[in-house]
Structures are given as structure tokens and as C-alpha cells.
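The values are calculated or read from the model by the stated rules, or taken from the named source; none is laboratory data. Model, not experiment: these values are computed from the prediction. Don't worry about glycine lacking a Cβ; one is built from the backbone with ideal geometry, like all the others, and counts go over all protein chains shown. Heavy atoms of the whole protein, side chains included, go into the accessibility calculation; ligands, DNA and RNA do not. Shrake-Rupley method; radii C 1.70, N 1.55, O 1.52, S 1.80 Å.
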Amino acid sequence: RKGKNQAGGQHYHVLMMFTKVDKSRSLQDKFKVAMLSMVKHGHFLKGEVLVLHFVSDKASQQLGQRMLQDFLQDATFKYEVLFHDVAELTQTLFPIVEAMQKHFSAGSGAYYSDAIFFLSVAMHHIMPESLTHIVQLDLDLKYRTNIRNLFQEFDKFPPGAVIGIIREMQPVYRHTFWQYRKENPQTKVGEPPPDGLPGFNSGVMLLDLQAMRASALYNQLLEPKNVAKLADKYRFRGHLGDQDFFTMIGMEHPDLFYSLPCGWNRQLCTWWRDHGYGEVFQLYYHCDGPVYIYHGNCNSPIPDD
Ligand code: UPG
């Protein structure tokens, strides 16, 4: 169901952005933590395969392949590693996402090289039809459970949902939607959980590519005129790429998204606590229940266990 059945065994696909890693010691360290913890807790059934996709430039790929030889040593499961050239993907992606870039990118123009930050938004057009489900993951994660369990969440998608995602754990969208909230004082937009709409974090995303392809609504929302309409309605101006796009369309159409338990992407960044939002911070940051994946976003240290 979730993966391509090649030679009878189910394939579980995950994808990570992996660019300019050769130039960043910090990204290399994060990658090590992520892969070693994924391997340590990873268990699959006989015949199943974990397929690791990386979107990469040539230099990062070379380094990545060397590092993976080491990190995958102790894997108790079958795996495949696939590198995708960031330049090739960008070529296909740019025309689809160009119009939305100005609303959700830093700076004013729609820079060609920024298109890749919107890969998840159009993943259903980028990957072959035979690929029906993929999980996109940041590099600054630490796994505390079997990654295979995350794929079971696809089975919990209600009808109409196309993406599984975890709420944002800082009041960043309380900030971004400031003007809309002022003009609509009763709105749930940007309010904290459990009753509000705090927005989404893109560190862990379950993309049901089959559902994304089939959803007339989702594909309409990708059209430039509809993106502009919503950005205008919500007075939205962001710089976090796909995360901003999903957050904005989620305000209008929450049913497109299946909201996973917060423990699947326990974000640790506290930047907004010290930048004007200390008073409300805990309402957003708080996450009850088991932590399955830590997310050391904005370079936050991850607890040892
Ligand atoms: N990445 C690269 N090369 C880079 C920088 C980033 O491959 O030079 C990838 C990598 O997979 C990384 C991801 O992009 O994990 C996200 O970038 P990162 O710097 O880790 O962002 P975060 O500080 O984790 O933070 C926030 C959100 C995150 C979101 C990102 C978008 O928490 O979910 O994807 O902002 O800008």
C-alpha cells in the first residue's frame, strides 16, 4: 500500500534535503545524529526495504555517500540510497512554484535557486506515478523510535487529507498573521492549540502523493491566482517556503491536513520566547505524550535521552 512493491517486498520511502553539506560541519554533525539514531531504532520486516532519497549537489553527494557507508553499517534492515540532483529537480519545479515564491521566500524576487524550498508542495508532480507515499525529513532530527511506525500514520489519514504534518511549536505564525489577527479579533488563525490554528512545521511531513495527485482542491490551490487570493486575504508574507504555504492553505482548508501527535516532531527552538512572545510561548511550545522524534531546529541542542 505505502510503497512500490518491488519483488514482493514493501518499500518505505523517505527524503531529505542534502545540499551544501560539504561546506557545513554543523550539518554534517546533525546528519550523523539523525542517521545513527534512525539506524539504531529502525526495524523492518523480512523483504521490506527502507529507501533513502537525498536531494543533493555533486559535492554533498560525494561526502554523503562516504558518510552513509559508515552510518548504515549496523542497519538490521535492507535499504537503498538514491541521490537526486538538485539542479535537475529545480528545473521541473521552478515553473510550478515560481508564482508562490514571492509570498513565501526571503527577499522580493522569485529566485530560481529558492524553488527547491518548495519541493514538498509539488512532490506529486516531481516523483514518478509509481511512487505513492513519501516522508520528507529535516536533517536536524533525532529518532527515538522505529521510523517504520511513522508510516502507519498514513493509514490514519481521514478522507480528503493529502499531507500529514505536525503543528508549529512556537508563536511564529501568531507573528506572521499579525495584521489579519488585528482585523479579525475573534479568529483562531495563529492561536495556540488545542483550539487555535498555530500553523505547521515542515521538519516531518507525510506526503500522500496519490492523494495529492487526486485532490482537485489541492491542485487548484497551487494555481498562481488562488495563491495570490489567499495571500491577500490573510495578508501573508513569509520566508519559510513550503512550511508557510502549507500553513496558509491550512487556515482556509484544515481538512487537507492530518495533524500528527506532537511527539512525531518535537521542535526545540525557543527563539520567539526571547523576541517578544515570552508571555504566550509555553502555550505553543508545550507538547504532552511520548517524544518519537526530536527536532533541533534553529540549531537547538537535542537532549541525550
Ligand atoms: N538544508 C540543506 N542545506 C542547507 C540548509 C538546509 O540541505 O544548507 C536542509 C536540511 O535538510 C535541513 C533543512 O534543509 O534540515 C531545513 O533547514 P534548517 O536550517 O535545519 O532549518 P530549521 O532551523 O530546522 O528550521 C525551520 C523549521 C524547519 C523548516 C525550516 C525552513 O523548523 O522545519 O524546514 O525552518 O526554513
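Among K182, K78, K102, the largest mean-square fluctuation in a Gaussian network model of the chain, built with springs joining Cα atoms closer than 10 Å, belongs to K182. Kirkwood Rh, the range 67-191, all Cα pairs: how many Å? Taking every pair of different Cα atoms in the range 67-191, averaging 1/r and inverting gives 18.3 Å. Normalised by the number of residues in the range 1-94, the mean separation of alpha-carbon contacts (under 8 Å, six or more apart) gives a relative contact order of 34 percent. Only protein atoms count toward the accessible area here, which uses a 1.4 Å probe; on the chain, the carbon and sulfur part of that area reaches 51 percent.
Quarter the surface of the alpha carbon convex hull of the range 43-97 and you get the mean projected area, 5.0 square nanometres. The convex hull around the C-alpha trace of the chain, projected and averaged over every direction, spans 15.6 square nanometres. Per-residue surface analysis assigns H125 an accessible area of about 100 Å², computed on protein heavy atoms at 1.4 Å probe radius. Across the alpha-carbon set of the range 60-135, the Rg to Rh ratio works out to 1.07, Rh being the Kirkwood radius. With the largest listed first and rounded to whole Å, the semi-axes of the equivalent ellipsoid of the range 121-191 from the Cα gyration tensor are 30, 17, 13. For the range 213-289, the relative contact order is 20 percent, taking Cα pairs closer than 8 Å that sit 6 or more residues apart in sequence and dividing their mean separation by the residue count. The convex hull defined by the C-alpha atoms of the range 195-271 has an orientation-averaged projected area of 6.1 nm². Computed with a 1.4 Å probe over protein heavy atoms only, the accessible surface of the range 194-305 comes to 46 Å² per residue. Note: relative contact order over the chain, using C-alpha pairs below 8 Å and six or more positions apart, is 20 percent. For K46, the lysines whose Cα falls under 23 Å of its own Cα, not counting residues fewer than eight places away in the same chain, are K2, K4, K78.
Taking Cα atoms only, the orientation of helix 242-252 departs from the longest principal axis of the chain by about 50 degrees. Close amide H contacts of V51 (hydrogens built in the peptide plane, cut-off under 5 Å, sequence separation of 5 or more or a different chain): Y12, H13, V14, E80. In straight-distance terms, cross-link reach from K233 covers every one of the lysines whose alpha-carbon lies under 22 Å from its own, apart from those fewer than eight places away in the same chain; here that gives K102, K182, K188, K225.
Residue-normalised convex hull volume from the C-alpha trace of the range 153-294: 112 Å³ per residue.
Unpaired Cys in the chain, meaning no second Cys C-beta under 4.7 Å: none found. Note on the chain: with a GNM built from Cα contacts shorter than 10 Å, the maximum mean-square fluctuation among F154, F281, F257 falls on F281. Tell me the angle of helix 58-71 to the major Cα principal axis of the chain, expressed in degrees between 0 and 90 and rounded to the nearest ten. It works out to around 60 degrees.
Which lysines does K142 reach when only Cα atoms under 18 Å apart count, and residues fewer than 8 places away in its own chain are ignored? Cα-Cα hits under 18 Å: K30, K32, K40.
With all protein chains kept in place, the per residue accessible area of the range 45-145 amounts to 46 square angstrom at a probe of 1.4 angstrom.
Translational diffusion of the range 1-104, estimated by Stokes-Einstein from the Kirkwood radius over alpha carbon pairs at 25 °C in a medium of 0.890 mPa s, is 160 µm² per second.
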